[in-house]
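Here the structure comes first, spelled out in structure tokens, and everything after it is commentary.
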Amino acid sequence: VCGTQHGNMYTYMYLKGHVVAIGECGLDYDRLKFCTKEVQQRWFERHFELANKTGLPMFLHNRNTSGDFVKMIRDNRQRFSEGVVHSFDGDEQELKELLDLGMYIGINGCSLKTEENLKVMAQIPLERLMVETDGPWCEIRK
């Protein structure tokens, strides 16, 4: 939603029933050479506005954000109905916080790279688990 032209296009698509979720959106601090934290956070906030306006769920991205992602989800949780944290590879504490906020957790091959990842993913309640392909980038290799 980068300005009026894009905003009008999204509104039109939403009204026509073509949009089923807001996203993929979130924060990715492994890509700071492309976009600063401040810019990412500003536009993530705009996605919460859009979810609030439309009532649509959110499809969320989080990579290496040192708690900023969870804080923004917590601060904006009342603004969206449901959310899936896609390609989750966080630690046990982050998982607990996201589950406490009512998030669904999406996992794929990128979620299963280390023994620690496997231990954390085993703690996801089945009713909150979503298995993703995210091919060809994050396939399960073993």
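Data table
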quantity	calculated
Tally of residues being loosely packed, with under 15 Cβ neighbours inside 10 Å, within 25 Å of Cys138 (Cα to Cα) and among the basic types (Lys, Arg) across the range 43-64	0
Residue check, Gly109 over 23 Å from Gln78 (Cα atoms), touching a Lys or Arg at 6+ places or on another chain (Cβ under 8 Å) and either of a type in the set (Gly, Ala, Ser) or open to solvent by 50 Å² or more (accessible area, probe 1.4 Å) (or both)	yes
In the range 112-142, residue most open to solvent (accessible area, probe 1.4 Å) [restricted to those that are polar (S, T, N, Q) and under 27 Å from Arg77 (Cα atoms)]	Thr133
Index of the failed condition, Val39 passing every other in (1) surrounded by fewer than 18 Cβ atoms within 10 Å (Cβ to Cβ); (2) touching a residue at least 12 places away in the same chain (Cβ under 8 Å); (3) of a type in the set (Val, Ile, Thr)	(2)
Residue list for the range 110-141, filter: assigned to a helix (DSSP H, G or I), at pLDDT below 95 and touching a Ser or Thr at 6+ places or on another chain (Cβ under 7 Å)	Cys110, Ser111, Asn117
Test for Ser81: is it closer than 17 Å to Cys25 by Cβ and small (Gly, Ala, Ser)	yes
Residues (under 19 Å from Lys119 (Cα atoms), open to solvent by 50 Å² or more (accessible area, probe 1.4 Å) and not charged (D, E, K, R)) located in the range 65-106	Gln93, Tyr104
From Glu45, Glu92, Glu49, residue being of a type in the set (D, E, K, R) and over 16 Å from the mean Cα position of the chain (by Cα)	Glu92
Single unsatisfied condition, Val120 versus (1) under 25 Å from Lys37 (Cβ atoms); (2) free of Cβ contacts under 8 Å to residues at least 12 places away in the same chain; (3) among the β-branched types (Val, Ile, Thr)	(2)
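The values are calculated or read from the model by the stated rules, or taken from the named source; none is laboratory data. Remember, predicted model here, so these are calculated numbers, not experimental data. Heads up, the Cβs are rebuilt from the backbone with ideal geometry, glycines too, and the neighbour counts pull from every protein chain shown. The accessibility values were calculated without ligands, DNA or RNA, using every heavy atom of the protein model including side chains. Shrake-Rupley method; radii C 1.70, N 1.55, O 1.52, S 1.80 Å.
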